[in-house]
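Asker: I have a structure I would like to understand better, so I am pasting it below and will then ask my questions one at a time.
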Amino acid sequence: MSLLALSFTLLFVVITMLLSVWQKLDLEKDIAIGTVRAAIQLLAVGYVLQFIFKSENLLLIGLIICLMIIVAATNAAKRAQGMKGVVWRIILSIATMEILMMGLLLSLQIIEATPQYIIPLSGMTIGNAMVACGLFLTQLKRETESSKGEIETLLALGATSRQAVQDVLKQSVKFSMIPTIDAMKTVGLVQLPGMMTGMIIAGADPVEAVRYQILIIFVFTSSSAITSMMLSVLCYKNLFTKDLQLKKW
Amino acid sequence: MTALLEMKGLTKNYWLTEKQTDRTYLFSDITATVKSGERIALLGKSGQGKSTLLRILALLEQSDRGEIRLNGVTSRHTDTRVWRTIVTYVAQQATMLPGTIEENLKTVSKIHNETFDDKLARKLMKDVGLESIDWAKKATDLSGGEKQRVALVRSLLLKPSILLLDEVTASLDQQSKESVENLLLNWNAAYKTSFLWVTHDSEQARRISERIWFMEKGTLAADCETEIFFNNPTSLFNEVTT
């Protein structure tokens, strides 16, 4: 795509801003900031990736993946304000998932061990895991509040913290996986995923693009399941005081 | 009778609101003892902290000051889970766990990895007037009174040494109320289980207790034998009923 063609895409932003002015949505400032930020961030990432792809430096690949995990964890942790140490728990969950996923993909030679494959796939799975963590924590808070009676009933009968919140954890993990499972069911029928569309536009064989998309969907399912389950194991004790009383969250 | 549960200087604060400027505590300096096999009725107007006191004794809530001892050992030095199997709280609002009545009754054996005492469970269900109920029924579909009785049976299957009963017959009709009272009196005689029973029904307090604790203005204003409490013309009971 030429720079001139790219600049024409600003027309879509202008349309949105005009609609905002017409409907008095008062979103013009946010749209303008968002447009500038998106352009700068994506162009910067493009240059960074270009540099890393050329250098093929393992340390740089590791650094960029660590950065992705930290940003994802910080963002997901906003869903659990008030829960101490949740960022570290999310980092540990996502990092474990990343090591497992990449370990499998590389050791089974499903993808090539080059930055072109490792970085985009890591970015997508970490992003998906971030959404799963955010949904898990949101639902965990909601379920803990609405099931306070059940949890305290179990505690009063001598249950462990794990026994007392077993159902709450199960419901929260299930909830965090809904978008991934729904996407898997409707992919190709309702939506053509971004990665596949991008590959096709860039001139790749559609069948080859579909193969990669299938790979991504399967990895997503597994990554959201592993991350939420691990996060549930790491988080549940945080719902209680040391005297096994339900904390006010 | 030996002291089973002792509380010393128990105090619970509450958050001050604009109207409640005279007192910063819900109750303060509560010192009392529950002996083995003792039946105590806990009386007092609403808002005196009776339920909170029971929850603190079951270690479901923290007191702000004071200590509790079970068989001479403080709560800090006792495993919370072990404590709760000895001192068991039955809530005012009976909560049914997801699943059937049978699954609810089996909760205790599942938690503690023990064999379910089917015979005892059936006897208890009969004693509370629920002998004909289908155990496969969803527990959340039961009426308030049925839930309350299933919750009581569920707790009794734990065979605790002290039962903390928070208005457990408040949602029951007269016949069911009497069934539950008889069950608990027989249970007390058979197992020497003590109970601390919150009630607003003075007649029930006379029937079921041998001792009265009366909470007023944030203190334990009376701790005496039931007969003395109700028969004394200058009794605080007159204040309750007037």
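Any read-out appearing in this document is the output of simple, stated calculations on the displayed coordinates, not a laboratory observation. Just so we're clear, the structure is a prediction, and the values are computed from it rather than from any experiment. Note that we place each Cβ from the backbone using ideal geometry, even for glycine, and neighbour counts take in every protein chain shown.
Asker: Applying the selection to the stretch B:98-125, what residues are closer than 25 Å to B:SER51 by Cβ, surrounded by fewer than 21 Cβ atoms within 10 Å (Cβ to Cβ) and in contact (Cβ under 8 Å) with a residue 40 or more places away in the chain?
Answerer: Matches in the stretch B:98-125: B:PRO98 only.
Asker: For the stretch B:84-126, which residues satisfy the criterion of being of a type in the set (S, T, N, Q) and at the interface with chain A (Cβ under 10 Å from one of its Cβ atoms)?
Answerer: B:THR85, B:THR88, B:GLN93, B:THR95, B:ASN104, B:THR107
Asker: Another question, if that's okay. Quick one: in the stretch A:203-244, which of the residues that are buried (at least 17 other Cβ atoms within 10 Å of the Cβ) and not in a helix (DSSP H, G or I) is farthest from the other protein chains (Cβ to nearest Cβ)?
Answerer: A:PHE240
Per-residue answers, yes or no, for (1) surrounded by 14 or more Cβ atoms within 10 Å (Cβ to Cβ); (2) within 14 Å of chain B (Cβ to nearest Cβ); (3) of a type outside the set (A, V, I, L, M):
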position	(1), (2), (3)
A:GLN81	no, no, yes
A:ARG89	yes, no, yes
A:THR96	yes, no, yes
A:ILE118	yes, no, no
A:SER122	yes, no, yes
A:THR144	yes, no, yes
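Asker: Filter the stretch B:160-174 for residues that are closer than 17 Å to B:SER143 by Cβ and under 8 Å from the mean Cα position of the chain (by Cα) and give the result.
Answerer: Passing the criteria: B:GLU167, B:VAL168.
Asker: Tell me, please, whether a residue that is away from chain B (no Cβ under 14 Å) and under 30 Å from A:TYR212 (Cα atoms) can be found in the stretch A:149-172.
Answerer: The answer is yes; a qualifying residue exists.
Asker: Shifting gears a bit: Which of (1) part of a loop (DSSP other than H, G, I, E, B); (2) under 26 Å from B:LEU70 (Cβ atoms); (3) among the aliphatic types (A, V, I, L, M); (4) without any contact (Cβ under 8 Å) to a residue 40 or more places away in the chain does B:ALA190 not meet, given it meets every other one?
Answerer: It fails just one condition, (1).
Asker: For the stretch B:157-187: of the residues being assigned to a helix (DSSP H, G or I) and either among the aliphatic types (A, V, I, L, M) or within 14 Å of chain A (Cβ to nearest Cβ) (or both), which is surrounded by the fewest Cβ atoms within 10 Å (Cβ to Cβ)?
Answerer: Applying the filter and picking the extreme gives B:LEU185.
Asker: Considering the stretch A:175-202 alone, what residues qualify as being within 18 Å of the chain's Cα centre (by Cα) and in a helix (DSSP H, G or I)?
Answerer: If the condition is that a residue be within 18 Å of the chain's Cα centre (by Cα) and in a helix (DSSP H, G or I), then A:PHE175, A:SER176, A:MET177, A:ILE178, A:PRO179, A:THR180, A:ILE181, A:ASP182, A:ALA183, A:MET184, A:GLY194, A:MET195 are the ones that fit.
Asker: Further question: Kindly indicate whether any position in the stretch A:122-143 is more than 21 Å from the chain's Cα centre (by Cα) and in contact (Cβ under 8 Å) with a residue 24 or more places away in the chain.
Answerer: Among the residues of the stretch A:122-143, at least one is more than 21 Å from the chain's Cα centre (by Cα) and in contact (Cβ under 8 Å) with a residue 24 or more places away in the chain, which makes the answer yes.
Asker: Looking only at the stretch B:27-43, count every residue that is surrounded by 20 or more Cβ atoms within 10 Å (Cβ to Cβ) and farther than 26 Å from B:LYS192 by Cα and tell me the total.
Answerer: Adding up the residues that qualify gives 2.
Asker: Considering the stretch B:52-77 alone, what residues qualify as being farther than 15 Å from B:LYS8 by Cβ, within 12 Å of another protein chain (Cβ to nearest Cβ) and surrounded by fewer than 19 Cβ atoms within 10 Å (Cβ to Cβ)?
Answerer: Listed by number, the residues that qualify are B:GLU61, B:GLN62.
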